[in-house]
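Undergrad: Before we start, here is the structure in question, set down as structure tokens.
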Amino acid sequence: MKEYTSIDPTSLSTIDRHQYLTSLVAPRPIALVSSISDKGIPNLAPFSYFTALSSTPAIVGFSCNLDANCNEKDTLQNIKATGECVINIVSYDMLDQMLVCSQPFDSQINEFDESQFTSLPSDLVKPARVAESHSQLECRLKQVLNWTKTPGAANFIICDIVKIHCATEDYLRTHRLDPHKLDQIGRLGRKYYTRVNGEIFEPKI
């Protein structure tokens, strides 16, 4: 029989509680979210509290936390202002560029330029897709859920998928995708990531 350490989550600091959850609820897929401000400035940022919520209708969601000063991040501000975003699925070969997008750039900075990702026009929404991504989901905002205004507090963004794009080379057959070609990565606890082939690694940058 294992011995267990039992913890009341309300007794933990914000950072300790975060570390427990990100280590235990893992691996988590990564949404590289492209959005655009009401002034037309593109933004690109990764979020690892991301999941499919429903296939009928097609709905996904991801969590965008407040910063240490309880300010909303650019992604949340943009989606609330425009009602649109694109979720770009992250494969292993996108890792280094994705990490660039995770940096806290000023809202006037275009992360497509900083990361050297290639923008690709979307069909139904204004934010661009990431051409390096094997698959992209064009989305419209359905609802934002929030529970508190403390530092790090979650804003859960729920989106309707209005169009799915998949690289034709990734198809095994009609409506079936090859996981080896998609080669997604996921987030673990602390600075660790995983690859769908089972590799666990810590990025060098």
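The values are calculated or read from the model by the stated rules, or taken from the named source; none is laboratory data. Bear in mind that the values here come from a model prediction, so they are computed numbers and not experimental data. Using ideal geometry, Cβ is built from the backbone for each residue, glycine included, and neighbour counts are taken over all protein chains shown. Accessible surface areas use protein heavy atoms only, side chains included; no ligands, DNA or RNA. Shrake-Rupley method; radii C 1.70, N 1.55, O 1.52, S 1.80 Å.
Undergrad: Among the residues of segment 71-91, what is the count of those that are in a helix (DSSP H, G or I), crowded, with 17+ Cβ neighbours inside 10 Å and over 11 Å from the mean Cα position of the chain (by Cα)? Steps first, please.
TA: So in segment 71-91, the residues in a helix (DSSP H, G or I) come out as 74-82.
Pick out the ones that are also crowded, with 17+ Cβ neighbours inside 10 Å and you get 74-79, 82.
Adding the requirement that they be over 11 Å from the mean Cα position of the chain (by Cα) leaves 74, 76-79, 82.
Residues meeting the conditions: 6.
Undergrad: Condition test on Glu138, is it acidic (Asp, Glu), buried (at least 17 other Cβ atoms within 10 Å of the Cβ) and assigned to a loop (DSSP other than H, G, I, E, B)?
TA: no
Undergrad: I want to confirm something. Restricting to segment 162-196 and keeping residues that are among the aliphatic types (A, V, I, L, M) and open to solvent by 40 Å² or more (accessible area, probe 1.4 Å), which single residue is farthest from Pro57 (Cα to Cα)?
TA: Only one residue fits best here, namely Val196.
Undergrad: Sticking with this structure for a sec: Can you tell me which residues in segment 6-58 are touching a residue at least 12 places away in the same chain (Cβ under 8 Å), open to solvent by 40 Å² or more (accessible area, probe 1.4 Å) and in a helix (DSSP H, G or I)?
TA: Result: Thr14, His18, Gln19, Tyr20, Ser23, Leu24.
Undergrad: Same structure again: Looking for whichever is surrounded by fewer than 17 Cβ atoms within 10 Å (Cβ to Cβ), without any contact (Cβ under 8 Å) to a residue 24 or more places away in the chain and of a type outside the set (Gly, Ala, Ser) here; the options are Phe156, Phe201. Which one fits?
TA: Of Phe156, Phe201, the one residue that is surrounded by fewer than 17 Cβ atoms within 10 Å (Cβ to Cβ), without any contact (Cβ under 8 Å) to a residue 24 or more places away in the chain and of a type outside the set (Gly, Ala, Ser) is Phe201.
Undergrad: Here's a check for you: in segment 115-132, which residue that is assigned to a loop (DSSP other than H, G, I, E, B) and hydrophobic (A, V, I, L, M, F, W, C) is surrounded by the fewest Cβ atoms within 10 Å (Cβ to Cβ)?
TA: Selected residue: Leu124.
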